[in-house]
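Single-structure report; data block below.
Just so it is clear, none of the values below were taken in a lab; they were calculated from the coordinates. Owing to the predicted nature of the structure, the values given are computational and were not obtained by experimental measurement. No Cβ is skipped: glycine too gets one built from the backbone with ideal geometry, and neighbour counts run over all protein chains shown.
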Amino acid sequence: RRELLTTYAGKPAALANGRRMIAAANIGSDTDAAFALQQGAEASGLLRTEQLFLSRGTAPTEEEQFTIYRRAAEAFSKVSPGSVVIRTLDIGGDKAVPYLSIPKEQNPFLGYRAIRLCLEQKELFLTQLRAILRASAFGKVQVMFPMISGVGELLAAKAMLQEAKAQLHDRGEAYDQQISVGVMIEIPSAALTAPALAKEVDFFSIGTNDLVQYTLAVDRGNEKVASLYDYFHPAVLQLIHLTLQAAQTRRIPVGMCGNMAGDPLAVPLLAGMGLQELSMAAGSIPQVKYVLSCVTAQECHALAEAALRCDSPQEVRKKLRDFAHTHR
Ligand code: PEP
Ligand code: MG
């Protein structure tokens, strides 16, 4: 079984009828790239930049950030499509960052975090955006904003990106002028206003870890309510569906970078709903490629239609399990 999976690491992600998908890795730094590539990652759908900002006394400089982002971009340029989605800082009151003035909050997950913080701490944000832009001269870098709740925040973030571009232009630095810009769909309001967001971005990436937490009002880290935390809840599936419909209307691609994307049970459903890229912990990639190779687009589509008609997570799971038994 292990050998079977090792052979799948090296194959392209594709359904049994040939339709291509992208199996991508979530990474926390450039140093994760080698393992991801070894596991068969075809891109990185999420570079979480938080790690770089934690456990230190001052914010990383533009130069430090640039070096790491450039190395990640260069590492993935060996594969196809080889894109690296760099997510801007997603940090808030649940983490201690001494050099950022983050107040202690009652509800840090509903508070001052991620894009909300970056839009206020302008120097911090511009520095990161310049570093990301400079890395885009060395590979297929895409920039992604986290925790977007509506089009206003997106437009404000895009204006900052324009400002960072202008600063680099004045300095005579190279960057990809057509850099792809995306948003995470991880707040229900973003999924529900996806038609408006889709007009303003080049791609969506669905973050199920937070989308489930905010849709079901279940803290993603609280053991006591863990049994209610379920990405197969019909409400979550409907929000994913709405996101995909809005994206299809504007012809922009949709990826998923939450943990659901690496769940073999979910994979045929996600392919059937129309996801194009699945980004996950690198170790899951061989198995996800294997699962994709066992099913056709038509079968997945029928499965997705059936799952979207279910009334409960249990019913969805049963459909997915039955499907898995007959397709492997
Ligand atoms: C998510 O919310 O699904 C996600 C991918 O981001 P994070 O887990 O970093 O919040
Ligand atoms: Mg998130």
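For the chain, what proportion of DSSP beta bridges, expressed in % and rounded to the nearest 5, is antiparallel?
Numbers: 1 of 28 bridges.
Bridges in the chain are about 5 percent antiparallel.
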- What is the Cα coordinate range of the range 130-237 on the first, second and third principal axes, sorted by size from largest, in whole angstrom? 54, 27, 19
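Stretch LYS11-ASP311 to full length: gain in nm at 0.36 nm per residue minus the Cα-Cα span? Write down the numbers at each step before the final one.
Numbers: separation 300, 0.36 × 300 = 108.00 nm, distance 3.66 nm.
Length gained, LYS11 through ASP311: 104.3 nm.
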- Query: To the nearest 20 debye, what is the magnitude of the charge dipole of the range 1-55 about its Cα centre, counting +1 on the Cβ of each Lys and Arg and -1 on the Cβ of each Asp and Glu?
  - Reply: 340 debye
- Inter-label distance, nm, simple model (7 Å from Cα along the C-beta direction), GLN245/LEU155: 2.5 nm
- Quick one: Cα centre-to-centre distance for the range 76-92 and the range 115-139, in angstrom? 14 Å
- Query: Averaged over all directions, how much area does the convex hull of the C-alpha atoms of the chain cover when projected, in nm²?
  - Reply: 16.2 nm²
- Task: Collect residues whose amide H, placed 1.01 Å from N in the peptide plane, falls under 5 Å from the amide H of VAL84; neighbours closer than 5 in sequence don't count.
- Result: SER44, LYS140, VAL141, GLN142
- Message: Show me, bin by bin at 5 Å from 0, the whole-percent P(r) of the range 44-113 based on Cα pairs.
- Response: 3, 16, 21, 20, 16, 12, 8, 4, 1, 0
- Selected from SER44, GLY18, SER29, residue furthest toward positive end of dipole (the range 10-54; charges at beta carbon): GLY18
- Note on the structure: To the nearest 10 degrees, the tilt of helix 151-171 (Cα long axis) against the first principal axis of the alpha carbons of the chain is 50 degrees
- the chain: most fluctuating residue of ALA191, ALA131, ALA156 per GNM, C-alpha cutoff 10 Å: ALA156
- At q = 0.19 Å⁻¹, the log10 of I(q)/I(0) for the range 217-301 from a Debye sum over equal Cα scatterers comes to -0.93
- Query: Reachable aspartates and glutamates from LYS319, Cα under 18 Å, same-chain residues fewer than 8 places away excluded?
  - Reply: ASP230, ASP263, GLU299, GLU305, ASP311
- Message: Suppose R0 equals 35 Å. What FRET efficiency, 1/(1 + (r/R0)^6) with r the Cβ-Cβ distance, do GLN51 and THR326 give to the nearest 0.05?
- Response: 0.25
- dims of the range 223-271, Cα set, principal axes, largest to smallest, nearest Å -> 41, 20, 15
- Query: Using a simple charge model, +1 on the beta-carbon of Lys and Arg, -1 on the beta-carbon of Asp and Glu, nothing else, what dipole does the chain show about its Cα centre, in debye to the nearest 20?
  - Reply: 640 debye
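State which entries of LYS78/LYS104; LYS95/LYS158; LYS104/LYS224; LYS95/LYS224 exceed 32 angstrom in Cα-Cα distance in the structure shown.
Numbers: LYS78/LYS104 44 Å; LYS95/LYS158 26 Å; LYS104/LYS224 23 Å; LYS95/LYS224 21 Å.
Going by Cα-Cα distance, LYS78/LYS104 fall outside the 32 Å limit.
Relative contact order for the range 99-226 using alpha-carbon pairs under 8 Å, separation at least 6, rounded to a whole percent? Walk me through the numbers on the way to the answer.
Details: 151 pairs, mean separation 28.2, N = 128.
Here the relative contact order equals 22 percent.
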- Task: Report, by chain and number, residues whose modeled amide H sits under 5 Å from the one on VAL295, excluding near sequence neighbours (fewer than 5 apart, same chain).
- Result: ALA16
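How big is the shadow of the Cα convex hull of the range 1-145, averaged over all directions, in nm²? Mind showing how you got there, number by number?
Working: hull surface 42.0 nm².
Dividing the Cα hull surface by four gives the mean projection, 10.5 nm².
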- R0 of 56 Å, Cβ-Cβ distance GLU123-GLU223: FRET efficiency to nearest 0.05: 0.90
- Just check the range 113-185 against the gyration tensor rule for me: Cα atoms, a ≥ b ≥ c as the square roots of the eigenvalues, rounded for a/c under 1.5, and otherwise prolate or oblate depending on whether a/b exceeds b/c. prolate
- Note on the structure: Phi-derived 3J(HN,Hα) across the range 39-48 with the Karplus relation (6.51, -1.76, 1.60, θ = phi - 60°), rounded Hz, x for Gly and Pro, is 7, x, 4, 9, 5, 10, x, 6, 9, 6
